[in-house]
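K.L.:
Here it is, the structure, as structure tokens.
The values are calculated or read from the model by the stated rules, or taken from the named source; none is laboratory data. Because the structure is a prediction, the values reported are computed rather than measured. Cβ placement follows ideal geometry from the backbone for every residue including glycine, while neighbour counts extend to all protein chains displayed. Surface accessibility is based on the protein's heavy atoms, side chains included, excluding ligands, DNA and RNA. Shrake-Rupley method; radii C 1.70, N 1.55, O 1.52, S 1.80 Å.
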Amino acid sequence: MKVLVPVKRVVDYNVKVRVKSDQTGVDLANVKMSMNPFCEIAVEEAVRLKEKGVATEVVAVSIGPVQAQETIRTALAMGADRGILIQTDEDLEPLAVAKLLAAVIGEEAPGIVVMGKQAIDGDNNAVGQMLAALLDWPQATFASKIEITGDKAEVTREVDGGLQTLSVDLPAVVTADLRLNEPRYASLPNIMKAKKKPIDVKAPGDYGVDTAPRLKVLKVVEPPKRQGGAKVESAAELVSKLKNEAGVL
Amino acid sequence: MAVLVIADHDNVSLKDNTHKTVTAALAISGDVDVLVAGQGVAAVAAEAAKIAGVRKVLVAESADLGKQVAEAVTDTVVALSGGYDAVLIPATSAGKNYAPRIAAKLDVAPISEIIEVVDASTFVRPIYAGNALETVQSSDAKKIITVRATAFKAAAEGGSAAVETVSAAGAMAHTRFVSDEIVKSDRPELSAAKIVVSGGRALGSAEEFQRVIEPLADKLGAAVGASRAAVDAGYAPNDYQVGQTGKVVAPQLYVAIGISGAIQHLAGMKDSKVIVAINKDADAPIFQVADFGLVADYKVAVPELMDELAKAGF
């Protein structure tokens, strides 16, 4: 079975982003970029499926600028077999990304798509669900455990209040939550090996789908700053202030 | 222009997220209907009918809807969508699961976790873990939107909308519900609680988390939360996690104990009315957002706090 893993290049998890003064967006010049953390978890899961003998091939797909090749190389160094880059400098919306991925899946015919539940830049949490809808496949989002038996996947999902387990027929789209696994660090020999693995470079136009934006960003601003920083000396003072000053007790 | 709100419920009772989402819907249009999709939800529908400003309540019932299976909710909503210009869905784990599926079926760009309605096609939503707010204008004829309920006031009760049955989607062919492990608790629900007491990595163990955090929460009638570090370390269950990738809370009072205040955690609680931080590290970033910071070891401070609360009548 082939596993397809979409991966996204985003601002690094540890970077504190700054809003541009002209309110057109977030300043990404000279900022460290990395693979989206949820995508890393998805790659790890796909590679584990291959190591367990459930999967035969892991294909990493990224849609983004030429530098997204580095993101694909990271996936290859973790153990993915080959990559596809749909190269574009446009910041595509989730619907367009889902349509492009659906077209790739039409060509690749994977048995399962494992992908991150959300990218930490746009925080949309949408592409996996939309991809499943476009393909008319079942979806199992926010996965904390995936077990594949035959042509079914049993997926434990993190939901409000606890866990839910679903059984979905394959092919299906599964999106990874934080606790699905702990991604490995790529070893130096594997990083070297990854340089020789193939990456196929495509353009959005190759797939003949409508990627026109539906949303217009009117402005991007910083959230209002919270006035904090006041200290109290004791638990007694704390209770008194909560009661008398803040009125929340 | 009419708006459909999808109710948040557990088949037994209606959740406050629904009232808050109705408030967001009423900012778009005066014609707001509520869909209660579930199983055995007559009582939930009756509660929804009491929300002021609701035109009518639609009820769709099936076993798959009772488990909020995404395909079932999607097919049911898509069948109803012709009569609506916007569908507003509380951004719960269930809502976030099916909203984009509905959007893709309708060839619409979903708009995730709005915190403000500017006008009928313009909305504000947080990006980059809440470190930036973007205002987006949709050119889609139909809007599929999830609503961060903590950003809206709950609509009042006092309405008396008509309740109507609508057809549910057929049984799902490719997805089967296996089991639920929902933690039963007498404490208020984390995302709706007026007071939240959260513990962090400083607690050091699951036993210590239970010994320190839970009695304080119970004294205050509070929900229990945790930082991602505490959840990852196994001190607290997954669904306690407050933060960018966990729950977003905005209670009247948020008490952070032994939490350093990583930006991902702050993203989940910085809209709380009053924030209290107890941490022995005076330089912990949590103090920058705290209204009342107490630099102290929780081992000393929490027992003292329990005593003071007892004196104050708790």
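K.L.:
What strands (runs of 3 or more DSSP E) lie completely within region B:147-219 and have 1 or more residues being modelled with pLDDT of 95 or more and away from chain A (no Cβ under 13 Å)?
P.N.:
B:162-165, B:195-199
K.L.:
Follow-up. Just the residues that are in contact (Cβ under 8 Å) with a residue 40 or more places away in the chain and either open to solvent by 50 Å² or more (accessible area, probe 1.4 Å) or within 11 Å of another protein chain (Cβ to nearest Cβ) (or both), please, taken from region B:120-141.
P.N.:
Result: B:126, B:129, B:130, B:131, B:141.
K.L.:
Against the definition (open to solvent by less than 30 Å² (accessible area, probe 1.4 Å) and touching an Asp or Glu at 6+ places or on another chain (Cβ under 7 Å)), how does residue A:49 come out, yes or no?
P.N.:
Criteria not met by residue A:49.
K.L.:
Got a sec? Which of A:246, A:203, A:235 is open to solvent by less than 50 Å² (accessible area, probe 1.4 Å) and more than 7 Å from chain B (Cβ to nearest Cβ)?
P.N.:
A:203
K.L.:
Still on this model: Only one of A:114, A:66, A:58 is open to solvent by 10 Å² or more (accessible area, probe 1.4 Å), among the aliphatic types (A, V, I, L, M) and modelled with pLDDT of 95 or more; which?
P.N.:
Selected residue: A:66, the only one of A:114, A:66, A:58 that is open to solvent by 10 Å² or more (accessible area, probe 1.4 Å), among the aliphatic types (A, V, I, L, M) and modelled with pLDDT of 95 or more.
K.L.:
Does any residue of region B:75-90 turn out to be more than 9 Å from chain A (Cβ to nearest Cβ), touching a helix residue (DSSP H, G or I) at 6+ places or on another chain (Cβ under 6 Å) and open to solvent by 30 Å² or more (accessible area, probe 1.4 Å)?
P.N.:
Scanning region B:75-90, I find at least one residue that is more than 9 Å from chain A (Cβ to nearest Cβ), touching a helix residue (DSSP H, G or I) at 6+ places or on another chain (Cβ under 6 Å) and open to solvent by 30 Å² or more (accessible area, probe 1.4 Å), so the answer is yes.
K.L.:
I'm trying to understand the selection: among the residues of region A:206-221, which are open to solvent by less than 50 Å² (accessible area, probe 1.4 Å) and either in contact with a Pro (Cβ under 9 Å, 6 or more places away or on another chain) or without any contact (Cβ under 8 Å) to a residue 12 or more places away in the chain (or both)?
P.N.:
A:211, the sole residue that qualifies.
K.L.:
When the residues of region B:249-286 are filtered to those that are of a type in the set (A, V, I, L, M), open to solvent by 30 Å² or more (accessible area, probe 1.4 Å) and part of a loop (DSSP other than H, G, I, E, B), which remaining residue is farthest from residue A:237 (Cα to Cα)?
P.N.:
Selected residue: B:262.
K.L.:
Cβ-Cβ below 8 Å, separation at least six or inter-chain, first residue in region B:298-314 and more than 8 Å from chain A (Cβ to nearest Cβ), second open to solvent by 30 Å² or more (accessible area, probe 1.4 Å) and in a loop (DSSP other than H, G, I, E, B): which pairs?
P.N.:
B:298/B:280
K.L.:
Output the residues belonging to region B:287-311 that are in a loop (DSSP other than H, G, I, E, B) and open to solvent by 30 Å² or more (accessible area, probe 1.4 Å).
P.N.:
B:291, B:297
K.L.:
Also, I was wondering about something else. Being surrounded by 23 or more Cβ atoms within 10 Å (Cβ to Cβ), of a type in the set (S, T, N, Q) and under 19 Å from the mean Cα position of the chain (by Cα), is that true of even one residue in region B:173-190?
P.N.:
Among the residues of region B:173-190, not one is surrounded by 23 or more Cβ atoms within 10 Å (Cβ to Cβ), of a type in the set (S, T, N, Q) and under 19 Å from the mean Cα position of the chain (by Cα), which makes the answer no.
K.L.:
May I ask you to say which residue of A:224, A:183 is closer than 23 Å to residue A:120 by Cβ, free of Cβ contacts under 8 Å to residues at least 60 places away in the same chain and more than 8 Å from chain B (Cβ to nearest Cβ)?
P.N.:
The match here is A:224.
K.L.:
Sticking with this structure for a sec: Considering each of B:48, B:43 in turn, give the residue that is assigned to a helix (DSSP H, G or I) and buried (at least 20 other Cβ atoms within 10 Å of the Cβ).
P.N.:
B:48
K.L.:
For region A:27-43, name all the residues that are outside any strand (DSSP E or B), surrounded by fewer than 22 Cβ atoms within 10 Å (Cβ to Cβ) and within 18 Å of the chain's Cα centre (by Cα).
P.N.:
Hits for region A:27-43 are A:32, A:37.
K.L.:
Next question, about the same structure. Any chance you could count how many residues in region A:86-96 are in contact (Cβ under 8 Å) with a residue 40 or more places away in the chain and buried (at least 23 other Cβ atoms within 10 Å of the Cβ)?
P.N.:
Within region A:86-96, residues that are in contact (Cβ under 8 Å) with a residue 40 or more places away in the chain and buried (at least 23 other Cβ atoms within 10 Å of the Cβ) number 3.
K.L.:
Need a quick list: strands (runs of 3 or more DSSP E) entirely within region A:44-141 having at least 2 residues that are within 14 Å of chain B (Cβ to nearest Cβ).
P.N.:
By residue number, A:112-116.
K.L.:
Let me ask something additional. Got at least one residue in region B:290-307 being aliphatic (A, V, I, L, M) and closer than 17 Å to residue B:150 by Cβ?
P.N.:
no
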